[in-house]
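The values are calculated or read from the model by the stated rules, or taken from the named source; none is laboratory data. This structure is a prediction, so every number in the text was calculated from the model and none was measured. No Cβ is skipped: glycine too gets one built from the backbone with ideal geometry, and neighbour counts run over all protein chains shown.
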Amino acid sequence: MNSKMSDRRGFLKRSAALAGLAAFANGKALASVTPGLVTGVADTKLGVTPDEPTIQDLLYGGRSSYEKTIAIPSIGTLGATGLRTLTPLQDTIGVITPAPYHYLVQGDTHIPNIDPSKHTLIIHGMVDRPTVFTMEELKRLPSVSRVHFLECTGNSGLAHYKTLLQDLKKGRKDVSVIQGVHGRTSTSEWTGVLLSVLLKEVGVQKGATWFVAEGGDIQAELHAKSIPLAKGMDDVMIAYGQNGEAIRREQGYPIRLFCPGFQGVCSVKHVSSIKLVDKAYMMQREITAYTNLKPNGMASRYESQVGPKSLITFPSDAHKLPGTGFYELSGIAWCGRGKIARVEVTVDGGRTWKDANLQQPIFSKAWTRFRLPWTWNGAETVIASRCTNEFGELQSTMEGLAKLWGDDVTPHIPAAEIERWWANTNIAEFLNNPIQFWTVKTDGSVADATYAPLYKLPV
Ligand SMILES: Nc1nc2c(c(=O)[nH]1)N[C@H]1C(S)=C(S)[C@@H](COP(=O)(O)O)O[C@H]1N2
Ligand SMILES: [Mo]
């Protein structure tokens, strides 16, 4: 430090002490501001006086007014019941989703603002000591922090693509395939108590094989979900923290059940009751919704784990490349079972695949950021990513997935048949993890090349 600088610091210290705090920040509400913070934040000589926000705004922070990215209201919201927002995947950086960008699926138009001092969690049913836990009690127990994705069961479904086309037809401008079709997933660091810790406290009785978790929010239909007890004993968490702060109201304040790697509907927000039982309870959200209709007319239920999945987020259809030359292709890969082991990228329509660099550390059941240097020569080309998890399971194409789903119920399925099911039923609606192809056009614009060729029916 040179002497001029140390002089200046001395001056600042002295002047703060002399002038008192009111000299800073144009006299804005300072009562709750600590002296050190004011000196740092508001002193014009340090060049950090905020233009727009008030000191109070800065106490919780705010982004630059030049940043415009938002989690847009879900496609097809007009007329739909419930609240939904979509994560802006096209603008994601790294692997953590800031809470304001976390997607939202609320089965009701009501988001409760629960007083944590009044909220409790009861664990009952087939247990030795039925127990009511207050928030204070939960927070005294040993905790864990883990980075995990959450994904809505319906994410990437063909039904969302159809809705997107309808919205575009109505003149909506803010929607893209990357956000509109795929934006029901986010990744956060979740902090809480493992359910296994609580189950040990209450003593699980012999014969208990499932538990039913219920949300404490008042909805037209109660949000309740049956989960296998084995999952509960493994890595299910009662989470109260999200990215280093209290879980957001939209994400289930003050606590949510968090079931890593399982479809989003299992992660019951505002959880207030866990009942140990000896069978799945066939709740509304596992029988009349979130089931996959098969070609033979039978629906499969309790399909829970998200398959290996990846998406190139840049460039995607929300972007337009400004010209030829160097770009870093980037995207996210995740799976409900373990870690992502490999992501391959094609820039020539699938003729050749190159290994992308994976961001370290790789978390289990979490987004993994991948990156690959790329020089675009200006010619039209098709790009895509495909991932493999640590068990060697490879992400498939739409066609591959349809065969997989159909295999055990019918013999060979001709492609035309598959298309007909997609058009007429919700066969491909849930737990979709197809390879997403993007066409980079000569003008630099990017278009979806997975859903568009399949969905040929009138909107
Ligand atoms: N209490 C309650 N829990 C809920 C829901 C709900 O509507 N109410 N929606 C479920 C669904 S379908 C999903 S995908 C996730 C969404 O969680 P998020 O809104 O935090 O993204 O929460 C699940 N848990
Ligand atoms: Mo969901």
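Report yes if Ser188 is touching an Asp or Glu at 6+ places or on another chain (Cβ under 8 Å) and away from ligand 2 (no atom under 15 Å from the Cβ), otherwise no.
no
I'd like to verify a number: residues in the range 307-357 that are acidic (Asp, Glu) and in a loop (DSSP other than H, G, I, E, B), how many?
Number of matching residues: 2.
Is it the case that Ala31 is assigned to a loop (DSSP other than H, G, I, E, B), at pLDDT below 85 and not assigned by TED's automatic domain parsing to the domain that holds Val181?
When the stated conditions are applied, Ala31 passes them.
Filter the range 195-223 down to the residues that are buried (at least 18 other Cβ atoms within 10 Å of the Cβ) and closer than 18 Å to Lys269 by Cβ and list them by number.
Leu195, Leu198, Phe211, Val212, Ala213, Glu214, Gly215, Gly216, Asp217, His223
Taking Leu141 as the residue in question, decide whether it is touching a residue at least 24 places away in the same chain (Cβ under 8 Å) and under 20 Å from the mean Cα position of the chain (by Cα).
no
Against the condition surrounded by fewer than 16 Cβ atoms within 10 Å (Cβ to Cβ) and either without any contact (Cβ under 8 Å) to a residue 12 or more places away in the chain or out of contact with any His (no Cβ under 7 Å at 6 or more places or on another chain) (or both), how does Gly400 come out, does it pass?
Yes; evaluated as a whole, the condition is true for this residue.
Just one of the numbered conditions (1) touching a helix residue (DSSP H, G or I) at 6+ places or on another chain (Cβ under 8 Å); (2) away from ligand 1 (no atom under 11 Å from the Cβ); (3) within 30 Å of Glu344 (Cβ to Cβ) is not true of Cys259; which one?
Status for Cys259: all satisfied but (2).
Going by the structure shown, is Arg351 at pLDDT 95 or above and crowded, with 20+ Cβ neighbours inside 10 Å?
Against the criterion (at pLDDT 95 or above and crowded, with 20+ Cβ neighbours inside 10 Å), Arg351 does not qualify.
Would a scan of the range 272-293 turn up a residue that is within 16 Å of ligand 2 (Cβ to nearest atom) and within 17 Å of the chain's Cα centre (by Cα)?
no
Condition check ((1) within 16 Å of ligand 2 (Cβ to nearest atom); (2) hydrophobic (A, V, I, L, M, F, W, C)) across all residues:
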site: Arg172; (1), (2): no, no
site: Arg184; (1), (2): yes, no
site: Ala213; (1), (2): yes, yes
site: Lys225; (1), (2): yes, no
site: Asn243; (1), (2): no, no
site: Pro254; (1), (2): no, no
site: Pro260; (1), (2): yes, no
site: Gly264; (1), (2): yes, no
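Pick out, from the range 118-206, the strands (runs of 3 or more DSSP E) lying fully within it that include 2 or more residues that are within 15 Å of ligand 1 (Cβ to nearest atom) and of a type outside the set (Val, Ile, Thr).
Because the criterion is at least 2 residues that are within 15 Å of ligand 1 (Cβ to nearest atom) and of a type outside the set (Val, Ile, Thr), the strands (runs of 3 or more DSSP E) in the range 118-206 that meet it are 144-151, 185-194.
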